[in-house]
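Quick one: the structure is below, questions incoming.
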Amino acid sequence: MATLTAEESLNYLYSLIPKGIKLGLKNISAVLNELGNPQLNTPSIHIAGTNGKGSTAAFCESILRNAGYKVGLFTSPHIHEFRERIRIGLAPISKELFGMYYEKVDHEIRHMETHTPNDITSVFETLVAMAFIIFSEKNVDFQVLETGLGGKLDATNILPSPLACVITSLSLDHTKILGDSLQEIAHEKAGIIKSGVPVVSSPQSTEAMKVIEQRCSDTGSLLSVPSNEWRVDILEQTLEAQTFQIVNIKDTPIHRTPLLGNHQIENALVSLKAIDIVNQVGHSVSQAAKYQGLAEVQWPGRFQVLSTNPLVITDGAHNVDSAKRLRETVIQYVSGRDITLIFGCGIDKDANNIAKELSLMNPKRIITTHSRHPKAFSSEEIRGFFEQFSQPCTETDSVASALTFAIESSGSTDAILVTGSLFIASEAIEWATGRTPELYNIEPSVL
């Protein structure tokens, strides 16, 4: 049988969408057992959290790659192409590999479902299995994996003993699935913590940290919170990069990174601590690799400057906490400029409270829009959220038209901020770069 093309594989994958999200490890365990348990073959860093887990994964990958290692990276969602979810180094796996390994995994899934016909294998479970078998057969030195949803019952949590478990910033998101309190969400995220495996955490609220501390106590895992252990001085913050110094480490290193905002410094610290754990168990990572890794990291759609004249910035903030951090970062980097806000988000998000948070920036104008995603709020619905806070809006029918209108109606010293989701950010990046989007023929009814 000929290998499926990437396009055919994606069509088959999307046919699984109506089966929905089903958290649990039963299916992924069965599939990986059929595949020979490839997840056991590669040292891992496992990352859960609400915000910052993708950036933290990117920092870890970049440091390890600069240390000379071949690194597998599994994240979601993607920005431009679905294959970005499974990478070796910076490069998404090829279309040929995607088709070949989808077919390989799908064969085992069909075999499993033949024996257990009531089981549901989701898109995400399929991708996790693909990532593990690809990373194993392509002989990567490390695999850095970001959970998809939650942690305890996330398919990536099939890992029995990663080198380090990382918990990034926790806040309310996906509350219908994970719970509507920080304690419930922390309980799910802390479920990735394994017996005796070192844990690194971002700063957390008191209620969330108590849950993480208790889980570490129960599992005998050493917990590190680098922002509590290391003092950091921010030396410079520009729209090109930020520079900071860790002043109470032996060599007081100075780091520079193109990822902007104080929250990205937090993510960088968490990454550096996770890499220290990797170092301690015998995998050499030099200080130079850490410097270069932070300096060369690429993670688009996170307070990314798309244009300086006019100033256009995009950010994938998609929940209230990330909107708050975005607002704080805007104050840091573009204080004194009038803000034109372009906003759109998905119907599964807390659009009302995100709008409330972003309205505190007192933007000069708000332009509502929507992404191509079938489950995006309409521009008219978004306008309703902002107008509750006395914020008049202009509706547009696409991100590109919103940007065109913003540029035509903004002054030369204004800043244009495009946000609300990574889908919005991806279309803003495509507008700026002329990149052709990867379009999917999906009926809204299946999403």
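Can you work out the accessible area per residue across the range 301-447, with the rest of the protein chains kept in place, probe 1.4 Å, in square angstrom?
Per-residue value: 44 Å².
Quick one: how many lysine pairs in the range 311-447 have C-alpha atoms under 19 angstrom apart, if they're 8 or more apart or on different chains? Could you put the intermediate results ahead of the total?
On the way: Lys324/Lys349; Lys324/Lys356; Lys324/Lys364; Lys349/Lys375; Lys356/Lys364.
Within the range 311-447, the lysine pair count is 5.
What distance in nm separates the two pseudo spin-label positions at Thr5 and Trp230, each 7 Å out from Cα along the beta-carbon direction?
Rounded to a tenth, the inter-label distance reads 4.7 nm.
Here is a further query. Report, ordered by chain and residue number, the lysines lying within cross-link reach of Lys70, taken as a straight Cα distance under 24 Å and ignoring same-chain residues fewer than 8 apart.
List returned: Lys53, Lys95, Lys104, Lys138, Lys273, Lys290.
Oh, and also: If you put +1 on each Lys and Arg Cβ and -1 on each Asp and Glu Cβ, how big is the dipole of the range 362-447 around its Cα centre, in Debye rounded to 20?
180
Moving on. Given a Förster radius of 41 Å and the C-beta distance between Lys26 and Gln292 as r, what FRET efficiency does 1/(1 + (r/R0)^6) yield to the nearest 0.05?
The pair Lys26/Gln292 has a calculated efficiency of 0.50.
In nm, to one decimal, how far is the Glu380 label point from the His111 one, both placed 7 Å along Cα→Cβ?
Placing both labels 7 Å along Cα→Cβ, they lie 5.3 nm apart.
Ok, one more. Take Ser409, project a point 7 Å from its Cα along the Cβ direction, then tell me which residues of the range 344-360 have their backbone nitrogen under 16 Å from it.
It comes to 344, nothing else.
Taking Rh as the Kirkwood radius computed over C-alpha pairs, what is the Stokes-Einstein D of the chain at 4 °C in a medium of viscosity 1.567 mPa s, expressed in µm² per second?
Estimated via Stokes-Einstein, D reaches 58 µm²/s.
Project the alpha carbons of the range 117-172 onto their principal axes and report the range along each, largest first, in whole Å.
The principal-axis extents, from largest down, are 36, 34, 17 Å.
Using label points projected 7 Å from each Cα along Cα→Cβ, tell me how many nm separate Glu34 and Lys138, to one decimal.
2.3
Okay, next question. In the chain, what percentage of the DSSP-assigned beta bridges are antiparallel, given to the nearest 5?
35
Not counting ligands, DNA or RNA, and with a 1.4 Å probe, what is Asp141's accessible surface area in Å² rounded to the nearest 10?
60
Would you mind telling me the share, in percent, of accessible area of the chain contributed by carbon and sulfur at probe 1.4 angstrom?
49
Give the Rg (one decimal place) followed by the Dmax (whole number) of the range 289-447, computed from C-alpha coordinates and expressed in Å.
When restricted to the Cα atoms of the range 289-447, Rg and Dmax are 15.3, 50 Å.
The values are calculated or read from the model by the stated rules, or taken from the named source; none is laboratory data. Please read these numbers as outputs of a predicted model, since none were measured by experiment. Positions of Cβ are generated from backbone atoms using ideal geometry, with glycine treated the same way; all protein chains shown enter the neighbour counts. Only protein heavy atoms, including side chains, enter the accessible area calculation; ligands, DNA and RNA are left aside. Shrake-Rupley method; radii C 1.70, N 1.55, O 1.52, S 1.80 Å.
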